[in-house]
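Beneath this line is the structure, given in C-alpha cells, with notes to follow.
The values are calculated or read from the model by the stated rules, or taken from the named source; none is laboratory data. None of these values were measured; they are calculated from a predicted model. Reconstructed Cβ throughout: ideal geometry from the backbone, glycine too, with neighbour counts over all protein chains shown. Note: areas computed on protein heavy atoms with side chains; ligands, DNA, RNA excluded. Shrake-Rupley method; radii C 1.70, N 1.55, O 1.52, S 1.80 Å.
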Amino acid sequence: MPELPEVQALANFLADRAVGTAVRGVDVCAFSVLKTAAPPISELVGQKVEQVGRAGKHLIIRCGELRLVIHLSRAGWLRWIRETPERPPKPGRGPLALRVRCGGERESFELTEAGTQKRLAVWVVRDEADVPSVAKLGPDALDLDEAGLAGILAGTTARIKNVLVDQHLIAGIGNAYSDEILFAAKISPFSPSDKTDPGQLFPALRGVLLEAVERAVGQEAALLKAEKREGMRVHGRTGEPCSACGDVVREVSFADRSWQYCATCQTGGHVLADRRMSRLLK
C-alpha cells in the first residue's frame, strides 16, 4: 500500500506534469472505483488542474471548484502516460480503472489496481471534507509534535502497532512504515500505547518518514515501489539478518497482512505470538 512518503512523491510527480493544464477527458474503466455520483466525474472536463496535494494517504487534485480525491488502497497505483491511445479503453479489461487526460497533448495519468479485491476509491467533491475517510483523519504524521503524540498515546491502551496505523489517530502511516518506525525506536509492536515513551517513539517516527520522503520525492512514479522496498530494514525482510544486530528478522502473521520485527532489538529476545495467542513466547 502506498503510504505517506509515496503518496507525497506521487502528488509532487503529478503536480510537475499536470498543474496548469486542462482536463481534456476522463475515461472510467471500472465503475466500482467511483464512490460519488454528484457532481458527475464528467464535470472535470475543461477544468484546469490547479494543485495536487495529500491528506494522509489520499491524493487530492484541485480542478477549479472540484476536488478529485483518490485513495490507492492496497493494490492501486498511478502511472503517467506520455502517448495516450486515441480510443477510450474498454471497461472491465485489465487493471486499468480510470484515465484522466491532462498534461501535454497526448499525455494522461491512469489509476490501476492489481488483484481481485477492488478497493481503489475515487471521489469527485467540492470539498475534500465531504469524503468520509478524509473527514475522519487524525493529525498528519508529519504535523505531529512530541506533545501531540504523547496525547494520542495516553488516550488508548491499544498496541502501539495498531495505533500507528489507525488513520483516525495518526494519518499517513501504514503497515510498512509502522514496522520501520518501531524498529528504529526499538519498541515492541505489542507494547501498550499508554506505556510507550513518546520521547523514544517521536524521533523515530519523524526520522523514518522524513528519510523516506527525501528518498521518494523526485522519483518517477514507476520507480517508487522499488525505492520503498529498498529502504526497508525489517518490513518484508522475514528470515534475513537484522541490519543492526545480525539476529533473524521475524514475522507476526495475520489473515491479510504480516508485521516484521527484530526480537533482539525490540522485544528483549522474546518471540512475539501470532494472532492466536496474546502473550510473548519464550
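Quick notes
- Of everything in region 115-162 that is surrounded by 12 or more Cβ atoms within 10 Å (Cβ to Cβ) and of a type in the set (S, T, Y), the residue that is farthest from A37 (Cα to Cα) is T156.
- Contacts under 6 angstrom Cβ, first residue in region 165-192 being in contact (Cβ under 8 Å) with a residue 60 or more places away in the chain, partner in a loop (DSSP other than H, G, I, E, B) and small (G, A, S), 6 or more apart: Q167/G56; A171/G56; A171/G138; G172/G56; G172/A141; I173/A141
- Within region 1-114, strands (runs of 3 or more DSSP E) holding 1 or more residues that are open to solvent by 30 Å² or more (accessible area, probe 1.4 Å), not assigned by the TED database to the domain that holds R206 and not acidic (D, E): 25-28, 49-55, 58-63, 66-71, 76-81, 96-101
- Qualifying residue in region 247-254 (condition: open to solvent by 10 Å² or more (accessible area, probe 1.4 Å) and under 14 Å from L182 (Cα atoms)): yes
- Scan of region 166-183 for residues that are surrounded by fewer than 22 Cβ atoms within 10 Å (Cβ to Cβ) and not in a loop (DSSP other than H, G, I, E, B), ordered by number: N175
- All positions within region 137-151 that are in a helix (DSSP H, G or I) and not hydrophobic (A, V, I, L, M, F, W, C): E146, G148, G151
Residue-wise test of (1) closer than 25 Å to R74 by Cβ; (2) touching a residue at least 24 places away in the same chain (Cβ under 8 Å); (3) of a type outside the set (S, T, N, Q).
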site	(1), (2), (3)
C242	no, no, yes
C245	no, no, yes
D256	yes, no, yes
C265	no, yes, yes
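- Here the condition is being among the charged types (D, E, K, R) and farther than 25 Å from V134 by Cα; of E113, E107, E50, E43, it holds for E107 alone.
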